[in-house]
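Heads up, the thing below is written out as structure tokens.
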Amino acid sequence: GGGEKSEFRCCLLEELNRVPGCAMHLGPLSFSDQHTVLVNVAELNNVGRIKAQGGQNMWDGHFVKMPYAVESTVTKTVFLLTEKQQRWETIRKHLGSLAKSKSVTPLEVEKAIKKYNPKYEGLWTFDGLHHFFKVLHDSEKPTYSRTLSRIAELALGCLIAAKRTFRCSDVGRAEYCNYPTINFQSLFAKWSDRKEQKFRAIFHYFQVVTEESTVPRGLVTFSRCHMSPFTDWRSCTALLPKLYITSEGLIEKDGQGMLQVDFACNMVGGGVLGNGLVQEEILFLINPELIVARLFTEKLGDNDCLKITGSQQYSKYTGYSDKFQWTGPHEDKTPRDEWQRRHRQIVAIDALHLKYPKEQYNVRNVCRELNKAYCGFKGEDDTHPDYYPAIATGNWGCGAFGGDPKLKALIQLMAAAEARRDVAYFTFGDKHLQMEILRMHNFLKTNGITVGRLYKSLEGFCEEIRIHEKQPSDLYSFIRSYLEKHKSKN
Ligand code: AR6
């Protein structure tokens, strides 16, 4: 209630660091074995021009196999004789004719794709795409048909320009089984009402990038970060960071310029090319440049995260999940940094997908989440923490993945403390949760509780659950009384 509000304080949103305000000078863009750059670095650094970088074909499990490689072939049966053809020739022929036609139907798309994927002729369906064109208003159809043609043209152009191989990490047993699918087949297949909105967002992206006057000119970087060794949370002396908490607003909207958390799947993007439509999928739909991460981001391990800098927001939306609606173009005015990237930082961290809520109150799982969040929040070693943007987050792992937001909020605050970053927390409409977290944060701050002590109280809670096989009491009441009881012992 209103009375309570004045009792507990959180900082102002304006007090938190954001880019470009807190951005450090980057220095010229360069490549190394740790950093693949797909544009010509000299051109960018000297004249600010973005030009594709040449490269060589690689055809093994360490690289994404590109369709123009000589090794890439399609097998065709002609009059009972099978013959091998260069896949690239087939692609060029069929995409080329779509590109020339200027207006393309979904059926033509289906036919073309099946021509260069003959293996899947009888397996892939395009019902979703066909149905989408049926629900479109007659007046919209010409634009969408033209976009299909432009997509074909762009695909050809990009593949030619990207004559450079994408490196992936070691492959496991079956090739690429450890990667998310990048094939849009799953989107084109089965129809559902959600798909109409997904197609609208994706088609809009392609409309923008194939239009001379709106084509984006900039870069996006993707960094996979691995963290080791583990931090010893028991002896961590960091104090909790500043917290701004609200039940209103959204991470991507109100956390602009902060490090924005993507509530990810270990296969980044989750169900964006399927039927999924919660936080991560929505983020990928309004910033479709994120989708390409699926091409080269192997399944995230427990100590990995993916940081994406520079993506652009193309679409506006309202609603969530089944109520999600694409509501039109978003004109992104976010300034660019020295590497021509939009000042937008996103970090994909995947929480544990819990089968039973009880599993999360287990020391090993608490540690897993702490380390995962810490891996995502940790800044560059050579940057002073004063220059780290704050973290914009919320109920990470607490929707589709079934976590307890009260526990996850503390875990994120602890990881943020160790990473020396402040936090903006969006409770997504939940006023009660906002007050609970705020009260807890105030209690911990007023009593000067370190991350280590808080960690021990979580251990205590987990131990109670282990012994009694049920929750002893509310997590926050338990922590308060535990910390009161163990006041003298650090
Ligand atoms: N801003 C702030 N809070 C939000 C926003 C937003 N834009 N969107 C949602 N929330 P969920 P998870 C809140 O279920 O549990 C995907 O398929 C809202 O309270 O997306 O980590 C991924 O690919 C919501 O209930 O994240 C993974 O497979 C809560 O955040 C899986 O879901 C959690 O959002 C991850 O599930």
Please give the net charge around Phe199, taking every other residue with its beta carbon less than 14 angstrom from that of Phe199, where Lys and Arg add +1 and Asp and Glu add -1. +2
Extension gain, Ser103 back to Lys253 (0.36 nm per residue minus Cα-Cα distance, nm): 50.4 nm
Separation between the Asn45 and Val64 pseudo-spin-labels, each 7 Å from Cα along Cα→Cβ, expressed in nm? 2.5 nm
For Lys316, distant residues with modelled amide H under 5 Å away: Thr327, Gly328, His330
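Which of rounded, prolate, oblate describes the chain, given a ≥ b ≥ c as roots of the alpha-carbon gyration tensor eigenvalues and a/c under 1.5 marking rounded, otherwise prolate only if a/b is larger than b/c? Intermediate results must be reported in sequence, preceding the final value.
Values: a/c = 1.93, a/b = 1.85, b/c = 1.04.
Prolate shape, in that a/c is at least 1.5 and a/b is the bigger ratio.
What ranking, highest mean first, results for peptides 432-443, 19-30, 286-297 when packing means the other Cβ atoms within 10 Å averaged over each residue?
Descending packing order for the listed peptides: 286-297, 432-443, 19-30.
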If the chain between His330 and Glu459 were fully extended at 0.36 nm per residue, the gain over the current Cα-Cα distance would be 41.9 nm
As straight-line cross-link partners of Lys102, the qualifying aspartates and glutamates (C-alpha separation under 13 Å, not fewer than 8 residues apart within one chain) are Glu153
Anisotropy class of region 393-490 from Cα gyration tensor, a/c 1.5 cut: oblate
How much length is gained if the chain between Glu359 and Thr214 is pulled fully straight, taking 0.36 nm per residue apart and subtracting their Cα-Cα distance, in nm to one decimal? 47.4 nm
Of Lys93/Lys316; Lys195/Lys333; Lys195/Lys307; Lys100/Lys198; Lys333/Lys406; Lys134/Lys323, which pairs sit farther than 31 Å apart, going by alpha carbon to alpha carbon? Lys93/Lys316; Lys333/Lys406
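For the pair Leu12 and Thr181, what calculated FRET efficiency results from E = 1/(1 + (r/R0)^6), where r is the Cβ-Cβ distance and R0 = 41 Å, to the nearest 0.05?
0.45
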Between region 103-139 and region 371-407, the alpha-carbon center distance in angstrom: 40 Å
For region 17-89 versus region 236-276, the gap between their alpha-carbon centres in whole angstrom: 29 Å
In sequence order, what are the phi-derived ³J(HN,Hα) couplings for region 288-294 according to the Karplus relation 6.51 cos²θ - 1.76 cosθ + 1.60 with θ = phi - 60°, rounded to whole Hz, with x for glycine and proline? x, 4, 5, 4, 4, 3, 5
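Starting from the Cα gyration tensor of region 19-149, take the square roots of the eigenvalues, sort them a ≥ b ≥ c, and report rounded, prolate or oblate (rounded when a/c is under 1.5, otherwise prolate if a/b is larger than b/c, else oblate).
Here region 19-149 falls in the oblate category.
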Among all the lysines, which ones have a C-alpha under 16 Å from Lys445's C-alpha, if same-chain residues fewer than 8 places away are not counted? Lys242, Lys487
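Each value in this text was obtained by applying a stated rule to the coordinates, not by laboratory testing. The structure displayed is predicted, hence computed values, not measured ones. Counting neighbours? That spans all protein chains shown, and the Cβs are built from the backbone with ideal geometry, glycine included.
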